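The values are calculated or read from the model by the stated rules, or taken from the named source; none is laboratory data. No experiment lies behind these values; they were computed from the predicted model shown. Here the Cβ positions follow ideal geometry from the backbone for every residue, glycine too, while neighbour counts run over all protein chains shown. The area values use the complete protein model at the heavy-atom level, side chains included, leaving out ligands, DNA and RNA. Shrake-Rupley method; radii C 1.70, N 1.55, O 1.52, S 1.80 Å.
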Amino acid sequence: MRLADPLDDALDDLRISGSVLVHEAYKPPWSVDVPAESRLRRLLGVGPGMRVLPFHLTRRGGFDLSREGETLGRVEAPELLLLPGGSAHRLSNGDAAHSATLETILSDTNRNGTPKDEPGATELICGAFVMRAAPINPLLGALPPALKVQAGGAEASPALAGAAAMLAAECGRRSRNGFTAQRLLEVLCAEAIRSFQQSQRARDAGWFRGLADPKISEAVRHVHADPGADWSVEALAARVALSPSRFAARFRETMGESVMAYVGR
């Protein structure tokens, strides 16, 4: 039996698509308010059975991320910020007197923005990934409210950096939601999550940490390959050459739940 890749399995189940909403540059001071997921869903015409995860790809410069008046951190080019938490948030650089809303930016067809090569400006590609609201998909539950990954430079995944650069090129030729851009958005989302997974190996217990453990990952692969099988702790322990007690303890320690709770889901 060919063992499934749990991450590929979970990504495929989500049926990811996306849309680029904004490709602009802003010169300090500036501030943009992005609405909560429920409002974004209406803006995009997406039904209640879907999730909408906003993203912000920083091509030049940087910005501060805040929510409900609290600063959460700084994002600098060439970083990609993904926000699975669904909360309204603000992007800003400097003390702007007024904050523009995403809705206003999208409705202003005559908007003359800052040139993208303006010295000191922040160039952003902002949009949303759209995916199925799959309640038992382990990937969605493993994502934090906000995650940030390198999308360029020596530390970035080559696949993620390549997708980011190609998406920027598509936006530059005003094809930001054409066929190629749509495929690139799928890759950008998947590779951002893969990069986040790689950074989580020594972090808190959870699905991503479990996938980084060779024994636990192998057990999870067996479950995903044949979820309807008559699995037990003993059967899975035998597949990965561990005693049942040691396997059960190691599974709970890394995954944050029991073996049979995961199998049941």
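Heavy atoms of the protein chains alone define the surface here; on that basis the chain has 48 Å² accessible area per residue at 1.4 Å probe size. Only DSSP H runs of four or more residues enter the estimate; each adds -39500 (n - 2.57), and after division by the residues of the chain the mean residue ellipticity at 222 nm equals -11500 deg cm²/dmol. When every alpha-carbon pair in the stretch 201-265 is counted, what percent end up more than 17 Å apart? For the stretch 201-265, the share of Cα pairs beyond 17 Å comes to 30 percent.
Measuring how big the chain is from its alpha-carbon positions, Rg and Dmax come out at 20.5, 67 Å. As a fraction of the 1.4 Å probe accessible area of the stretch 1-80, surface on carbon and sulfur atoms comes out at 45 percent. The order of 16, 216 by accessible area, most exposed first and with a 1.4 Å probe, is 16, 216. The trypsin sites (Lys or Arg not before Pro) of the stretch 184-237 that DSSP puts in a loop, and whose beta carbon has at most 16 other beta carbons within 10 Å, are 201, 203. So how tilted is helix 179-198 from the main axis of the chain? Cα-based, degrees 0 to 90, rounded to 10. With rounding to tens, the tilt is 60 degrees. Heavy-atom accessible area for residue 254, with the other protein chains in place and a 1.4 Å probe, reaches approximately 10 Å². The loop-placed GluC sites (Glu not before Pro) in the stretch 54-104, going by DSSP, that have at most 11 neighbouring Cβ atoms within 10 Å of their Cβ come out as 68. From the alpha carbon centroid of the stretch 65-120 to that of the stretch 188-265 is 37 Å. Surface calculation, 1.4 Å probe, protein heavy atoms: residue 251 sits at approximately 10 Å² accessible. Binning the C-alpha pair distances of the stretch 3-152 at 10 Å intervals from 0 yields a P(r) profile of 10, 40, 34, 13, 3, 0 %, listed from the shortest bin outward. Other residues lying with their Cβ under 12 Å from the Cβ of residue 184 contribute a combined charge of -1, Lys and Arg counting +1, Asp and Glu -1.
For residue 27, the lysines whose Cα comes closer than 26 Å to its Cα, not counting residues fewer than 8 places off in the same chain, are 116, 148. Please grab the % of Cα pairs in the stretch 145-227 that end up more than 20 Å from each other. Roughly 48 percent, rounded to a whole number. Counting only the Cα atoms, the stretch 62-146 fills a convex hull of 137 Å³ per residue. Evaluating 6.51 cos²θ - 1.76 cosθ + 1.60 at θ = phi - 60° for every residue in the stretch 227-232, the Karplus couplings come out as x, x, 5, 7, 6, 9 Hz, glycine and proline recorded as x.
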